[in-house]
1. If you take the residues of segment 74-102 that are free of Cβ contacts under 8 Å to residues at least 24 places away in the same chain and either touching a Phe, Trp or Tyr at 6+ places or on another chain (Cβ under 9 Å) or among the small types (Gly, Ala, Ser) (or both), which of them is nearest to residue 196 (Cα to Cα)?
2. Out of 148, 196, I need the residue that is β-branched (Val, Ile, Thr), free of Cβ contacts under 8 Å to residues at least 12 places away in the same chain and more than 18 Å from residue 53 (Cβ to Cβ). Which one?
3. Somewhere in segment 215-231, is a residue within 27 Å of residue 13 (Cβ to Cβ), at pLDDT 95 or above and among the small types (Gly, Ala, Ser)?
4. Of all residues in segment 43-73 being touching a Ser or Thr at 6+ places or on another chain (Cβ under 7 Å) and assigned to a helix (DSSP H, G or I), which is farthest from residue 11 (Cα to Cα)?
5. Pick out the one residue from 172, 158, 184, 195 that is surrounded by fewer than 19 Cβ atoms within 10 Å (Cβ to Cβ), acidic (Asp, Glu) and within 30 Å of residue 257 (Cα to Cα).
6. Taking the stated definitions as given, is residue 2 out of contact with any Phe, Trp or Tyr (no Cβ under 6 Å at 6 or more places or on another chain), of a type outside the set (Gly, Ala, Ser), farther than 26 Å from residue 165 by Cβ and more than 9 Å from the ligand (Cβ to nearest atom)?
7. Return the residue satisfying two criteria in turn: it lies in segment 201-245 and is in contact with a Gly (Cβ under 6 Å, 6 or more places away or on another chain) and in a helix (DSSP H, G or I), and of such residues it is surrounded by the fewest Cβ atoms within 10 Å (Cβ to Cβ).
8. Just need a number here: residues in segment 64-73 that are in contact (Cβ under 8 Å) with a residue 12 or more places away in the chain and more than 8 Å from the ligand (Cβ to nearest atom).
Amino acid sequence: ETPYETILVERKGRTALLTLNRPKALNALNLQVMHEIVAAAEELDRDPEVGCIVLTGSDKAFAAGADIKEMHPQDYMDMYLSDWFSAWDRLGRLRTPTIAAVSGYALGGGCELAMLCDILLAADTAVFGQPEIKLGVIPGIGGSQRLTRAVGKAKAMELCLTGRTMDAAEAERAGLVSRVVPAEQLLGEALAVAETVAEMSRPVAMMAKEAVDRAFETTLAEGVRFERRLFHAVFATADQKEGMAAFVDKRPPAFTHR
Ligand code: CO8
């Protein structure tokens, strides 16, 4: 039924679940995985019935990195002309909120993929790192930028320069992940968070995401101005009328996602 070979796509109500499925390679991210995830996610992003997308891997590995065997023979011109890995940027431009549910290894490109998502939930077994330097390369899917914004310069430098990994507890203390849960509860918890998000007004959730993301792109004054304009704009939605009316009437809101 699914046109994809390296990922599984499931729908549960207004939530979509994307599961990386290259178990023999610990979900190493080759170009096929990249194109399939991006295609699946963009299709879900266009679907008004989808309010949140969860991305996960296996118990052992969210993803153990970009596919080293595929990159090994490439030279500079191959990389430059194909703009290797640039399609991953499209994942960061989805409007639908995304959740990375990380169990086991999230190394290199795996850590970068998790950081491309909006909410990062970790199992207590999660291991994060940017070990590219040990292979004689550096992060290539935004790791040097997003890790630094998430955990600050000192820790990002240490991880990128030594290749040292951090466990889930350290990742939570450092602010990389929003929460750590026991491994056996990870998927259930991620789907519960997703369902909560998906039941909110879809356009208003999109605007909330856009506003938070703006904090990484602009100055405080510009960001606050951007937020204020979006805040005014939500008063054009039916869901603002419904949400506030429901509060006043002491009943749950029935959002129409308009
Ligand atoms: N790429 C390809 N294959 C992989 C990868 C990978 N990143 N990771 C694991 N595999 C394969 C192994 O080769 C092995 O295959 P086989 O059975 O055919 O030998 C299989 O998965 C199972 O792996 P292991 O036997 O190694 O499993 P272990 O439990 O012993 O070890 C580890 C797990 C510690 C995760 C180990 O596999 C490991 O160190 N993997 C590599 C981690 C890594 O360095 N990741 C960073 C890769 S570089 C990157 O992601 C960004 C590059 C940016 C480039 C930008 C270009 C523009």
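1. Among those residues, the one meeting the criterion is 86.
2. Result: 148 is the single residue among 148, 196 that is β-branched (Val, Ile, Thr), free of Cβ contacts under 8 Å to residues at least 12 places away in the same chain and more than 18 Å from residue 53 (Cβ to Cβ).
3. Among the residues of segment 215-231, not one is within 27 Å of residue 13 (Cβ to Cβ), at pLDDT 95 or above and among the small types (Gly, Ala, Ser), which makes the answer no.
4. Per the stated criteria, the residue is 45.
5. It is 195.
6. So residue 2 fits the description; yes.
7. 214
8. Looking only at that region, the number is 0.
The values are calculated or read from the model by the stated rules, or taken from the named source; none is laboratory data. Just so you know, these numbers come straight off a predicted model, no measurement behind them. Every residue, glycine among them, receives a Cβ derived from its backbone with ideal geometry; neighbour counts consider all protein chains shown.
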